[in-house]
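The values are calculated or read from the model by the stated rules, or taken from the named source; none is laboratory data. Please read all numbers here as calculations on a predicted model, not as lab measurements. Ideal geometry is used to build each Cβ from the backbone, glycine not excepted, and the neighbour counts take in all protein chains shown.
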Amino acid sequence: MRVIILLTVLSTIIMGCERETEPEVARLYSGKHRPLFHYTPPSQWMNDPNGLVFHKDEYHLFYQHYPDSNVWGPMHWGHAVSKDLIHWENLPIALYPDSLGYIFSGSAVYDLNNSSGLGSAANPPLVAIFTHHEPAGELEGLNTYQYQSIAYSLDEGRTWTKYNGNPVLSNPGIRDFRDPKVSWLPQFKKWVMALAVKDRIHFYSSPNLTDWEFLSEFGATSGNHGGVWECPDLFELPVGDSDSSRWVLLVSINPGGPNGGSATQYFVGDFDGKTFIPDSEYSLPDEQAIWLDHGRDNYAGVTWNNIPDSNGRRLFIGWMSNWDYAKVVPTYDWRSAMTVPRVLTLEETAYGVRLKSAAVDELESLHTDKFIFNDGEINEKSEIIRSYPGSPIIIDFEVVFPSGQDVEFHLNNDHGEMVRFGYIRDKNQFYIDRSLSGDLRFSTEFAIAPSTMPRIGTGEFIKMRALIDVSSIELFTDDGLGVMTEIFFPSYDFNTLSLGGDNPLYHKGIETRALESIWK
């Protein structure tokens with residue numbers, strides 16, 4: 001009888017803890033400026049997404065993390081998992097600094113055939129490939145303080161063991177030698193690594209993830225060289241609905257972005273298992289590079305490995321900040337968010353083959369009430385489209401309008417703060433202006449000028465979709481041929497979305513969909 005009573009008490013305690021978990025999470029994720037449908041760490045500093053891999057029905061998101069401060073410091077790998085790319089479960093830190101250095105950015109793979117020998121045929125390992133950054137060597141002025149190492153997990157990514165033969169790729173004497181993105185390429189029957197090396201990319205191959213052979217380099221005379229190259233990613237995609245395919249190479253750069261600070265450029269071309277050869281025509285006349293996102297706040301993004309053929313999508317996520325001001329933005333319990341996960345596809349355009357980005361369909365699971373403006377003309381100078389008095393704006397908003405007119409939208413609160421975004425016909429460009437968005441005191445670099453993006457799409461009508469969270473906007477244009485991502489920090493939550501400007505606006509329909517928090 002006493003045993004039964006004890007078990008009943010324990011059961012009550014355990015169930016009580018489970019009941020308290022959801023309110024605690026909701027409280028944690030309800031602070032000022034905290035996004036409600038973008039991933040943020042439970043606390044402290046976060047930057048680059050790392051180790052993106054799908055395994056046993058879970059999407060793993062590792063990230064650069066410093067658990068002891070809200071500014072950058074000795075890097076760890078934080079860890080979260082998701083069943084649907086939208087709702088995330090925070091897990092314990094995966095990788096800690098050690099005698100070889102901090103744990104910088106990298107990738108993770110599922111070694112299905114146990115080529116590394118770190119698991120078994122019955123239990124193949126997950127293998128993380130990352131940069132060890134040795135801070136003492138950096139302070140001493142050495143060039144060899146970054147090198148590549150691996151760790152492995154035999155329990156679905158919950159715990160990790162560092163390989164006792166680290167590093168697996170030593171530094172040949174180059175100061176910036178980091179951020180390995182590794183994938184198994186079945187057509188070449190080998191692991192291939194894209195590595196950022198100062199201002200270019202080096203490619204390596206391996207049969208087993210521990211022995212690496214140099215293949216080639218790319219980028220000495222291609223793309224933008226306004227800063228250091230980082231966080232590469234190499235993958236193949238079909239072009240539209242055709243039978244042809246092209247290879248895409250993502251390369252983040254800091255500084256050198258199209259609107260200042262850090263950003264991600266990309267190249268479309270061919271890869272033969274050894275060498276990447278870019279297409280000759282890859283940019284608009286005024287561009288030095290093609291940009292994945294023209295906004296100031298999408299950096300270091302990479303794609304998930306091991307997505308099953310039944311899914312078939314190339315899935316991407318980026319760090320939603322900019323090194324110009326990331327360490328000083330006015331959040332304190334936590335710093336930085338990730339973009340909404342996106343699907344990348346290729347399409348033939350007048351300017352060559354281009355990437356298209358789209359928010360994952362799983363986002364629709366957050367949709368609640370819908371509001372539609374029917375086709376017509378709006379003559380008011382400022383027409384309210386959606387208002388949530390006393391609540392933050394979190395909406396999925398879409399509009400179609402003629403390409404022969406200007407359009408401007410305002411994201412407002414009741415204290416005169418706003419974010420402006422829209423399209424300027426005479427310049428054929430989109431823009432986001434956060435110069436009146438609220439707190440700007442933390443950095444003179446944050447709102448120096450509106451961010452702009454040339455229109456790539458063609459046609460009589462323009463489609464814009466905006467994902468608006470408490471402190472960010474992701475603007476997709478022409479079905480994702482153009483994207484702009486920006487963050488902001490209003491003194492009071494924005495609660496109204498309205499049309500601005502001095503001229504009447506004709507539109508072919510405006511639709512807004514309210515979103516619920518992923519942390520409820």
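Structure above, values below:
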{"quantity": "Lone qualifier among GLU474, GLU486 - being in contact with a Ser or Thr (Cβ under 6 Å, 6 or more places away or on another chain) and either at pLDDT 95 or above or of a type outside the set (S, T, N, Q) (or both)", "calculated": "GLU474"}
{"quantity": "Scan of the stretch 227-245 for residues that are charged (D, E, K, R), closer than 12 Å to ARG314 by Cβ and either out of contact with any strand residue (DSSP E or B) (no Cβ under 7 Å at 6 or more places or on another chain) or surrounded by fewer than 18 Cβ atoms within 10 Å (Cβ to Cβ) (or both), ordered by number", "calculated": "GLU236"}
{"quantity": "Long-range neighbours under 7 Å by Cβ, at least six apart or interchain, first residue within 19 Å of ILE129 (Cα to Cα) within the stretch 212-226, second charged (D, E, K, R) and in a loop (DSSP other than H, G, I, E, B)", "calculated": "LEU215/LYS274"}
{"quantity": "Residue in the stretch 426-441 that is over 25 Å from ILE393 (Cβ atoms) and in a strand (DSSP E or B) present", "calculated": "no"}
{"quantity": "Members of the stretch 354-391 found to be in a loop (DSSP other than H, G, I, E, B) and among the basic types (Lys, Arg), listed by number", "calculated": "LYS381"}
{"quantity": "Selection status of LEU249, closer than 20 Å to VAL168 by Cα, touching a residue at least 12 places away in the same chain (Cβ under 8 Å) and part of a strand (DSSP E or B)", "calculated": "no"}
{"quantity": "Residue in the stretch 260-271 that is modelled with pLDDT under 95, over 23 Å from SER216 (Cβ atoms), among the hydrophobic types (A, V, I, L, M, F, W, C) and not assigned by TED's automatic domain parsing to the domain that holds LYS463 present", "calculated": "no"}
{"quantity": "So ALA350, is it small (Gly, Ala, Ser), in the same structural domain as SER280 (by TED's automatic domain parsing), out of contact with any Cys (no Cβ under 6 Å at 6 or more places or on another chain) and farther than 17 Å from PHE489 by Cα", "calculated": "yes"}
{"quantity": "Qualifying residue in the stretch 330-348 (condition: of a type in the set (S, T, N, Q) and modelled with pLDDT under 95)", "calculated": "no"}
{"quantity": "Considering residues of the stretch 470-520 that are of a type in the set (Ser, Thr, Tyr), in a strand (DSSP E or B) and under 19 Å from the mean Cα position of the chain (by Cα) only, the residue farthest from GLY390 (Cα to Cα)", "calculated": "THR477"}
{"quantity": "Yes/no for GLY106 being crowded, with 23+ Cβ neighbours inside 10 Å, in contact with a His (Cβ under 8 Å, 6 or more places away or on another chain) and in the same structural domain as LEU36 (by TED's automatic domain parsing)", "calculated": "no"}
{"quantity": "Filtered residue count, the stretch 55-74, keeping only those that are in contact with a Pro (Cβ under 7 Å, 6 or more places away or on another chain) and touching a residue at least 24 places away in the same chain (Cβ under 8 Å)", "calculated": "4"}
